[in-house]
Amino acid sequence: MKTDFLVIGSGAAGLAFALKAATYGHVTIVTKGEMSECNTNYAQGGICSVTYAPDSFEKHIHDTLICGAGKCNPEAVELVVRRAPELIKDLIAWGTQFDKTPDGRFELNREGGHSEHRILHHEDLTGAEIERALIESVRRHPNITVLEHHFAIDLLTQHHLGEFVTRHTRGLACFGAYVLNEKTNEIETMLSKFTIVATGGCGNVYSTTSNPVVATGDGIAMCHRAKAITENMEFIQFHPTTLYNPSEKPNFLITEAMRGFGAILRLQNGEEFMDKYHPMKSLAPRDVVARAIYREMTKRGEEFVYLDVRHKDPDSIRSHFPNIYEKCLSIGIDITRDLIPVTPAAHYCCGGVKVDLNSHTSIKRLYALGETACTGLHGANRLASNSLIEAVVYADQAAKHAATLIDKVEIQEGIPDWDFEGTQHTEEMLMIIQSKREMQSIMSNYVGIVRSNLSLHRAMRRLSILYEETEGLYSMTKPNRELCELRNMIAIAYLVIKQGEELKESVGCHYNNDYPKA
Ligand code: FAD
Ligand code: SIN
């Protein structure tokens with residue numbers, strides 16, 4: 001199969017890129033499940049953009065830089081904040097409906113770390129609304145082909161032509177990907193002028209996460225194997241408030257917008273506690289709140305704290321948060337009258353594949369977008385609701401950049417088809433499930449909200465056994481989705497631990513007890 005643009009992933013980043021790039025050439029989107037299975041579909045709070053005074057670009061830039069704790073790339077921050085209103089207009093043109101007040105102005109949410117209300121939203125289902133509008137636009141577009149149930153296994157580079165090229169060799173380029181058609185079980189060679197990795201995040205590396213099961217870090221792992229540069233992987237953001245409901249996976253999110261609306265965090269004994277940790281109390285930046293909850297829970301041997309919104313008007317609660325209201329009611333919690341038990345869970349990968357301002361990676365003809373990419377916007381800790389806007393701004397940057405190169409690039413000939421059939425080991429699926437659980441518990445126990453040199457070291461030792469066993473299995477077997485996802489998650493875990501070991505300080509989402517913060 002040959003195409004101009006091979007887009008891997010059908011979240012906000014992949015779909016927005018496809019809609020932009022289809023003007024310049026044919027786009028093929030491959031996605032490993034149904035189109036809407038992605039983190040985007042679960043986003044609740046909304047999407048940031050400076051809309052009305054007294055908000056300003058300067059304030060949004062300032063909040064993003066403060067939250068990023070000195071690790072942001074100021075150019076990336078400027079770019080996203082200043083281009084956001086333009087891309088919001090595109091989302092609206094593609095059919096997204098954001099909530100408005102009776103006088104016709106956009107209704108704006110506020111979340112942790114924001115000095116102003118600046119988050120456009122659609123009830124508490126913003127991601128699903130954006131995803132719906134993008135999918136409908138993509139389905140209608142004559143120059144875009146969508147292949148669901150197509151799992152990208154690996155990127156194609158000079159290594160597949162038998163050439164030895166290192167990361168430091170100028171000229172390492174990407175020619176497409178090997179993709180497993182999950183319906184036929186065939187591995188297809190998909191060749192492209194440009195490859196766009198938009199495979200989302202990696203929350204499933206941990207035992208508890210807000211991310212759907214598709215978030216296994218495939219794209220970051222593929223890029224790492226292809227020798228692209230990754231960075232900031234140690235900055236895994238934990239969302240402070242997911243619903244404590246131990247039998248449920250993934251953890252259901254209780255949006256931070258509820259704290260922006262006035263909800264207060266309380267201990268199980270009813271006391272408020274965030275005033276001990278930050279002047280912005282329950283609306284402090286996310287890393288601060290997650291760590292405060294973690295400390296209070298471990299000190300008391302408890303597994304959750306409470307979120308309290310009972311003091312707000314019940315009709316207003318139901319109209320702002322209909323999805324959360326219904327969900328909690330389904331397990332016997334009426335949020336207008338009852339406290340909501342919440343606990344932190346792995347939520348967002350602030351790092352990823354290092355890209356420039358055009359979302360281009362360190363490998364030619366390869367772009368990374370959305371949660372897969374590390375643009376420098378988030379630094380050590382992402383400001384809430386900055387990721388959807390980053391995904392669409394960088395999708396536009398990448399499409400424009402690729403358009404300037406498309407006439408100079410040819411489809412690469414001579415890439416061999418996948419030729420290894422392998423065998424199926426009888427206990428393979430059991431081994432994969434067990435290894436996945438082990439890896440998740442290693443990461444949750446030793447590489448969670450608070451780490452130490454010893455815990456990182458232990459995690460690496462334990463992970464290396466899983467790595468060897470999984471690579472052994474992979475070398476004997478015809479790849480299937482579960483095995484590839486496990487292999488990818490182990491690669492992600494390795495990058496989080498290794499980059500965490502290299503950072504000799506506590507900053508943002510990476511808190512190491514051996515380098516206590518002043
Ligand atoms: P995704 O939307 O995750 O899409 C990735 C796609 O890649 C999926 O279609 C997946 O199936 C596909 N894929 C993965 N691996 C492969 C493979 N090997 N082969 C083929 N396809 C593959 N951000 C905000 O800005 N505001 C919010 O309010 C907000 N709320 C959130 C709430 C929740 C519960 C979660 C989990 C996240 C939230 N975020 C929010 C973060 C935000 O949703 C994500 O960062 C963003 O949607 C990522 O978009 P994406 O396109 O990069 O990835
Ligand atoms: C939320 O709604 O709390 C999530 C927002 C985000 O992760 O950006």
Next on the checklist: So for region 300-307 (the condition being in a helix (DSSP H, G or I), β-branched (V, I, T) and within 20 Å of A346 (Cβ to Cβ)), does at least one residue qualify?
Outcome noted: no
Next on the checklist: Pairs please, first residue from region 403-416 and over 15 Å from I196 (Cβ atoms), second anywhere and at pLDDT 95 or above and assigned to a loop (DSSP other than H, G, I, E, B), Cβ atoms under 7 Å, 6+ apart in sequence or on different chains.
Outcome noted: Q412/F175; I415/F175
Item to check | Among the residues listed as T23, T28, the single one being over 27 Å from E123 (Cα atoms), within 13 Å of ligand 1 (Cβ to nearest atom) and surrounded by fewer than 24 Cβ atoms within 10 Å (Cβ to Cβ) | outcome: T28
Checklist entry - So how many residues does region 247-281 have that are polar (S, T, N, Q) and free of Cβ contacts under 8 Å to residues at least 40 places away in the same chain? => result 3
Next on the checklist: Out of E469, E428, E485, I need the residue that is more than 16 Å from ligand 2 (Cβ to nearest atom) and closer than 26 Å to E371 by Cα. Which one?
Outcome noted: E485
Checklist entry - Does at least one position in region 403-423 carry a residue that is in contact with a helix residue (DSSP H, G or I) (Cβ under 8 Å, 6 or more places away or on another chain), within 23 Å of W94 (Cβ to Cβ) and away from ligand 2 (no atom under 16 Å from the Cβ)? => result yes
Checklist entry - In region 34-59, which residues are aliphatic (A, V, I, L, M) and near ligand 1 (Cβ under 6 Å from one of its atoms)? => result A43, I47
Checklist outcome for this item: In region 249-284, anything surrounded by fewer than 24 Cβ atoms within 10 Å (Cβ to Cβ), within 16 Å of ligand 2 (Cβ to nearest atom) and part of a loop (DSSP other than H, G, I, E, B) is listed as P250, F252, F261, G262, M280, A284
Checklist outcome for this item: Taking first residues from region 169-192 that are farther than 17 Å from T3 by Cα and second residues anywhere that are β-branched (V, I, T) and part of a loop (DSSP other than H, G, I, E, B), the pairs with Cβ under 8 Å that are 6 or more apart or on different chains are G171/V165; L172/T157; L172/V165; L172/T166; L172/I363
Checklist entry - Residues A257, A284, A263: which one is of a type in the set (G, A, S) and either within 15 Å of ligand 1 (Cβ to nearest atom) or under 29 Å from L180 (Cα atoms) (or both)? => result A257
Checklist outcome for this item: For region 30-59, pairs from a residue that is within 16 Å of ligand 2 (Cβ to nearest atom) and modelled with pLDDT under 95 to a residue that is part of a loop (DSSP other than H, G, I, E, B) and aromatic (F, W, Y), with Cβ under 9 Å and 6 or more apart or across chains, are Q44/F321
Checklist entry - Just wondering, is there one or more residues in region 374-394 that are more than 16 Å from ligand 1 (Cβ to nearest atom), assigned to a helix (DSSP H, G or I) and of a type in the set (D, E, K, R)? => result no
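Matching residues to (1) more than 16 Å from ligand 1 (Cβ to nearest atom); (2) in a strand (DSSP E or B):
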| position | (1), (2) |
| --- | --- |
| I130 | no, no |
| V146 | no, yes |
| A152 | no, yes |
| H160 | yes, no |
| V165 | yes, no |
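Kindly evaluate G376 against the criterion of being closer than 15 Å to M233 by Cα and within 16 Å of ligand 2 (Cβ to nearest atom). Break it down into steps so the answer makes sense when it comes.
Details: closer than 15 Å to M233 by Cα: yes; within 16 Å of ligand 2 (Cβ to nearest atom): no.
It is false that G376 is closer than 15 Å to M233 by Cα and within 16 Å of ligand 2 (Cβ to nearest atom).
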Checklist entry - Given the conditions (1) aromatic (F, W, Y); (2) under 28 Å from S506 (Cα atoms); (3) surrounded by fewer than 23 Cβ atoms within 10 Å (Cβ to Cβ), and given that Y325 satisfies all but one, which numbered condition is not satisfied? => result (2)
Checklist entry - Can you find even one residue in region 4-27 that is over 18 Å from L369 (Cβ atoms), in a helix (DSSP H, G or I) and of a type in the set (A, V, I, L, M, F, W, C)? => result no
Item to check | Complete set of residues in region 193-205 that are within 11 Å of H347 (Cβ to Cβ) and either free of Cβ contacts under 8 Å to residues at least 24 places away in the same chain or away from ligand 1 (no atom under 12 Å from the Cβ) (or both) | outcome: none
Next on the checklist: Criterion first (modelled with pLDDT of 95 or more, β-branched (V, I, T) and exposed (fewer than 13 other Cβ atoms within 10 Å of the Cβ)) does I465 satisfy it?
Outcome noted: yes
Checklist outcome for this item: Within region 335-369, residues among the polar types (S, T, N, Q) and either in contact with a His (Cβ under 7 Å, 6 or more places away or on another chain) or under 30 Å from F321 (Cβ atoms) (or both) come out as T336, T343, N358
Next on the checklist: Restricting to region 234-248, name every residue that is in a loop (DSSP other than H, G, I, E, B) and either within 14 Å of ligand 2 (Cβ to nearest atom) or crowded, with 24+ Cβ neighbours inside 10 Å (or both).
Outcome noted: E234, F235
Next on the checklist: Given the condition among the charged types (D, E, K, R) and touching a strand residue (DSSP E or B) at 6+ places or on another chain (Cβ under 8 Å), answer yes or no: does some residue in region 331-354 qualify?
Outcome noted: yes
Item to check | Residue ID - surrounded by the fewest Cβ atoms within 10 Å (Cβ to Cβ), chosen from residues in region 95-132 that are within 12 Å of I47 (Cβ to Cβ) and away from ligand 2 (no atom under 16 Å from the Cβ) | outcome: F106
Checklist outcome for this item: The number of residues in region 340-373 that are within 14 Å of ligand 1 (Cβ to nearest atom), among the aliphatic types (A, V, I, L, M) and more than 30 Å from R266 (Cα to Cα) is 5
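The values are calculated or read from the model by the stated rules, or taken from the named source; none is laboratory data. Bear in mind the structure is a predicted one, so any value in this text is a computation, not a measurement. Glycine also receives a Cβ, built like all others from the backbone with ideal geometry; neighbour counts cover every protein chain displayed.
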